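Here's the structure, in structure tokens; my notes come after.
Where a number appears in this text, it was derived from the coordinates with a stated rule and is not lab data. Not measured: the values here are computed from a predicted model.
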Amino acid sequence: MLKNRLDLEKKMKKFRNLLILSLTIAGFLLAGTAAKADTFLTLSAPYQMGPGGVFTFDATVTNTDLTNIVYLNGDSLTGAGLLLLDDSPFLSNWPLSLDPLHSYTGELFTVTAPAWGPGSNFYTGAFILQGGASGGAQDTLATAVFDVQVTPEPSSFLLLGTGVLTFGLLTGRKFLV
């Protein structure tokens, strides 16, 4: 049983890594030749919380162009599973443009994990920064893939165990009578 679980975990890890690689490659391919290739987006690791918690992702965006201003005109935020995604920190707080060789660091978006849900507690998504050399450009400037690992709290395990034990005792008594 333990061996099967370890094999499943290894397969899920391989699948997750393949998914991250695929999303990264897709981001580069979708960027095309019109995208500005010298804008970098780096996500920080979020503060991890339990089920129903809010994960906050901070990021640093750098315009490495020596002469041109880059405009940050929008974003696209996608996530898998039951995640609630909120990009209002980017829309409300980030500058509209970055001067050459300048960076900005701040809260980029938040992810609210499901309080309880079926399936995996591991979720993957992508943040795509859009903009370009003009105020109306919607080129893909940068893409960052993110992961959210929801770890159940020990009290959740205790509650679940108590429920299973109670159910087992009640079911067992029916068979004994």
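Close amide-amide hydrogen proximity is noted between Gly53 and Ala113, each under 5 Å apart and 5 or more residues distant or on a separate chain (H modeled in the peptide plane; Pro and chain starts excluded).
Summarising the amide proton neighbourhood of Leu141: residues at separation of 5 or more, or on other chains, whose placed amide H is nearer than 5 Å comprise Leu129, Gln130, Gly131. Counting only residues at least eight positions apart within a chain, or on another chain, the aspartates and glutamates with an alpha carbon under 15 Å from that of Lys13 are Asp147. In this structure the amide hydrogen of Asp65, modeled in the peptide plane, comes within under 5 Å of the amide hydrogens of Leu101, none closer than 5 places in sequence on its chain.
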